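The values are calculated or read from the model by the stated rules, or taken from the named source; none is laboratory data. For clarity, every value in this text was computed on a predicted model and none was experimentally measured. Cβ placement follows ideal geometry from the backbone for every residue including glycine, while neighbour counts extend to all protein chains displayed. Protein only, heavy atoms only, side chains kept; ligands, DNA and RNA dropped before computing areas. Shrake-Rupley method; radii C 1.70, N 1.55, O 1.52, S 1.80 Å.
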Number of protein chains: 2
Amino acid sequence: MVTIGDVAKAAGVSRSTASYALSGKRSISDAVRLRVNEAVKTLQYTPNAGARSLATSQTKVIGLLAQFLDDEFAPAMLQYILGVSNTARELGYDILLVTDADGTSALRRISDSRMIDGIVLLNVAENDPRLEHLRAAQQPGALVGLPKDCDGLDVFDLDFEEAGRTMVDHLHRLGHREIILISQPQHVIDRGGAYVWRLQNAALAAAEARNLTLHTVFAPSSQPEVGDALNGLLDAHPNATGLLINNEAAAAALPSVLHQRGLSTPKDLSVIGRYSDEFARTFSLPFSSIESAPDRLGSMAVRQLVRRIEGEIGPAEPNVVRFVTPDLIDRGSTAPPR
Amino acid sequence: MVTIGDVAKAAGVSRSTASYALSGKRSISDAVRLRVNEAVKTLQYTPNAGARSLATSQTKVIGLLAQFLDDEFAPAMLQYILGVSNTARELGYDILLVTDADGTSALRRISDSRMIDGIVLLNVAENDPRLEHLRAAQQPGALVGLPKDCDGLDVFDLDFEEAGRTMVDHLHRLGHREIILISQPQHVIDRGGAYVWRLQNAALAAAEARNLTLHTVFAPSSQPEVGDALNGLLDAHPNATGLLINNEAAAAALPSVLHQRGLSTPKDLSVIGRYSDEFARTFSLPFSSIESAPDRLGSMAVRQLVRRIEGEIGPAEPNVVRFVTPDLIDRGSTAPPR
DNA sequence: ACTCAAAATCGAACCGGTTCGACACCGGTT
DNA sequence: AACCGGTGTCGAACCGGTTCGATTTTGAGT
């Protein structure tokens, strides 16, 4: 293993001089800087991360806590992870990926041992038990998902209220009078998935204001149960002309259900989903959708986190709570009702 | 930050004694051990990872290199990642997830800076440029995917030859005489995805030995092109009674294609895929399939890697190249031909 | 009571960086 | 000639663990 001492020796200077030559934190003669850089190159020197972190208490690593819950759609989570990971690298940070079922103790472990400079929490629930420890950790943290109490933590989430309104307004403007909203299953909500309520309540309010009928339903998030649920739903509301889907599994299952029933969009039914474009491509979903922007949310969270880590924003400065305005991507699955 | 010095002071012993009390590497009186443990608990002491890694040159972190290529099915990759991550935690290791497009320089970075104790490479291609650096890194490494030259590296992969034979044999035993094999697109092969050839060649050999006709085809890996390709394929071989699918996207697209054509399995067509059970559930695929066991492969790779890291297997001991025998999961999509 | 090995503990050194304070050297003022 | 500030460099200390060698304490055997 080649150390900075070896570099210093090769350049004929002291260790501290070599260090300053590399960091630029004190003025160094051109001659020395040149010789040091030369030595670094020929010896293939790379600083030891452990030693550096010990000396500077900075690791250039960000902890990423992702929970893979049975009742959530794993492929959707991947987009968040990639958004975080790619942006982190861009900013010079690596990612410590933690998928422990017990996120709380995992958080303590990586935080207390000072393996990381900051933490991104995905999939944050309304009363997320991890938040308490994140606040205590005295390390910057950023959340994707809106908890009840955002105090002291930077929060990023889709504007689900706006999403609900946009969906309803879009169909209303086309002339629909009776529509259905399919949400996540009950236990996602029980676990604190408040975004389900946020979208649904906003949709209900918009529907009332526009004077149209909105049926709301919680559907399973697993195959093949969700297919049956969709069928039952369409049977129950034969006059509905629009379908709003806030449930990835339901969206994925819908094409074959429609096909079985001999229905097509937008002729027989107008459909709007809420998922990412990437998701739509993966599952070849032909429905217009509210973009859930997982990569963008992950990216924003990391950017803010790094600003805190690097002191561009002081720890005293108030936390931000930022909502991404949802775009509606038109894939031609909506039209005026027959 | 509470250090081992604080613990030692609280327990009334020296730092070294506290360290030995915690590691158990020298005998310690019960009284002291008790007082030290007490102090650890009350002070909430957690060792500083940087300091420990500096002293022991062990980080308890495993690097995981995953490449997300446009033409590969991202959700499938997630299963490998989770297999690696969960097993690593079980063994006391954390995961540094690297998704850089340039895997080679990322490998150098994390390896040279000694952030990690070992490396798992996913998605290894036949002539993977990352291997050269992994060998030079002088750190244990494990691969998922079979390269041409396995020298010095532990390799884990599905037995694709056996998979090809099993698929063909299964349909042959049921009495099929003409079948189709759908592979990945040409550019997956060009990039070094040798597993495509391995399965296909074994299937062809088995078909010849059994004296049955096997048509082979490279299909796109993106929607909706793959659907058109499937249609064209079924048009081109109207007498084929069996379909083997070594292409996730094609498998995902097949149900709606069959539906459009008014075909059903196993009545009109016997179908066997090659993907994970998790994948089948996500897409509610009703086809019998060769289990590609991503979680198991990831888990095996990590287990072997940790054995190397912890010296249970000396660095001199020869590398293993282990093939997982593929299971056929029967979902009732095969039957004797009409 | 005396010896001797084993058990228990301590101090110091080390891992590989960074950073502080000191110092030497330089050209330019007064 | 004495003084000055700025520049470039060095030695030493420090970050927080682990580990080696030495020393003290203990207890068993005679």
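Which of the residues spanning the range A:129-139 are within 22 Å of A:G83 (Cα to Cα) and assigned to a loop (DSSP other than H, G, I, E, B)?
Hit for the range A:129-139 is A:Q139, nothing else.
Looking at A:S27, A:S53, A:S105, A:S16, which one is at pLDDT 95 or above and out of contact with any Lys or Arg (no Cβ under 8 Å at 6 or more places or on another chain)?
A:S16
State yes or no: is A:L64 in a strand (DSSP E or B) and either under 23 Å from A:E291 (Cβ atoms) or outside the structural domain of A:I309 (by TED's automatic domain parsing) (or both)?
In short, yes.
I want to confirm something. Restricting to the range B:18-29 and keeping residues that are more than 8 Å from DNA strand C (Cβ to nearest atom) and more than 14 Å from B:P47 (Cα to Cα), which single residue is most open to solvent (accessible area, probe 1.4 Å)?
B:K25
Could you say whether any residue in the range B:239-250 is of a type in the set (A, V, I, L, M), surrounded by 15 or more Cβ atoms within 10 Å (Cβ to Cβ) and over 30 Å from B:K148 (Cα atoms)?
Yes, that holds for at least one residue.
Identify, please: which residue in the range B:114-130 is among the acidic types (D, E) and either within 16 Å of DNA strand C (Cβ to nearest atom) or surrounded by fewer than 21 Cβ atoms within 10 Å (Cβ to Cβ) (or both) and is, among those, modelled with the highest pLDDT?
B:D117
Scan (1) within 14 Å of DNA strand C (Cβ to nearest atom); (2) within 8 Å of chain B (Cβ to nearest Cβ); (3) in contact (Cβ under 8 Å) with a residue 12 or more places away in the chain for the single condition A:F68 breaks and write down its number.
All conditions pass for A:F68, except number (1).
Are there any pairs, at least 6 apart or on different chains, whose C-beta atoms fall under 6 Å, with the first in the range B:1-30 and in contact (Cβ under 8 Å) with a residue 40 or more places away in the chain and the second part of a loop (DSSP other than H, G, I, E, B), and if so, which?
Pairs found: B:V2/B:Y45.
Kindly provide the set of residues from the range B:251-276 that are within 12 Å of another protein chain (Cβ to nearest Cβ) and touching a residue at least 40 places away in the same chain (Cβ under 8 Å), ordered by number.
B:S276
I'd like the residue in the range A:278-295 that is closer than 16 Å to A:S333 by Cα and assigned to a helix (DSSP H, G or I) and, out of all such residues, is least open to solvent (accessible area, probe 1.4 Å).
Filtering first and then ranking leaves A:A280.
Right, A:Y80: within 23 Å of A:T282 (Cβ to Cβ), in contact (Cβ under 8 Å) with a residue 24 or more places away in the chain and not hydrophobic (A, V, I, L, M, F, W, C) or not?
Criteria met by A:Y80.
Identify, please: which residue in the range B:35-58 is charged (D, E, K, R) and more than 9 Å from every other protein chain (Cβ to nearest Cβ) and is, among those, nearest to DNA strand C (Cβ to nearest atom)?
Restricting to residues being charged (D, E, K, R) and more than 9 Å from every other protein chain (Cβ to nearest Cβ), the top hit is B:R35.
Would you pick out the residues in the range A:35-58 that are open to solvent by 60 Å² or more (accessible area, probe 1.4 Å) and under 36 Å from the mean Cα position of the chain (by Cα)?
A:R52, A:L54, A:A55, A:T56, A:S57, A:Q58
From A:V61, A:V32, A:V84, grab the single residue that is more than 12 Å from chain B (Cβ to nearest Cβ), open to solvent by less than 60 Å² (accessible area, probe 1.4 Å) and more than 9 Å from DNA strand C (Cβ to nearest atom).
A:V32
Please specify each residue of the range B:125-152 satisfying the condition of being over 23 Å from B:T59 (Cβ atoms) and hydrophobic (A, V, I, L, M, F, W, C).
Scanning the range B:125-152 gives B:A125, B:L146, B:C150.
Working only within the range B:263-277, note down all residues that are open to solvent by 20 Å² or more (accessible area, probe 1.4 Å) and within 23 Å of the chain's Cα centre (by Cα).
B:D277
Give the residues of the range B:87-113 that are at the interface with chain A (Cβ under 10 Å from one of its Cβ atoms), open to solvent by 10 Å² or more (accessible area, probe 1.4 Å) and hydrophobic (A, V, I, L, M, F, W, C), sorted by residue number.
Within the range B:87-113, B:A101 is the sole residue that qualifies.
Restricting attention to the range A:15-34, report how many residues are under 13 Å from A:I4 (Cα atoms) and of a type outside the set (A, V, I, L, M, F, W, C).
6
Check the range B:302-315 and report whether any residue there is free of Cβ contacts under 8 Å to residues at least 60 places away in the same chain and within 14 Å of chain A (Cβ to nearest Cβ).
No, there is no match, as no residue in the range B:302-315 is free of Cβ contacts under 8 Å to residues at least 60 places away in the same chain and within 14 Å of chain A (Cβ to nearest Cβ).
Checking the structure you have, find out if any residue of the range B:2-17 is open to solvent by 70 Å² or more (accessible area, probe 1.4 Å), within 11 Å of DNA strand C (Cβ to nearest atom) and either over 30 Å from A:K60 (Cα atoms) or away from chain A (no Cβ under 14 Å) (or both).
Looking through the range B:2-17, at least one residue is open to solvent by 70 Å² or more (accessible area, probe 1.4 Å), within 11 Å of DNA strand C (Cβ to nearest atom) and either over 30 Å from A:K60 (Cα atoms) or away from chain A (no Cβ under 14 Å) (or both).
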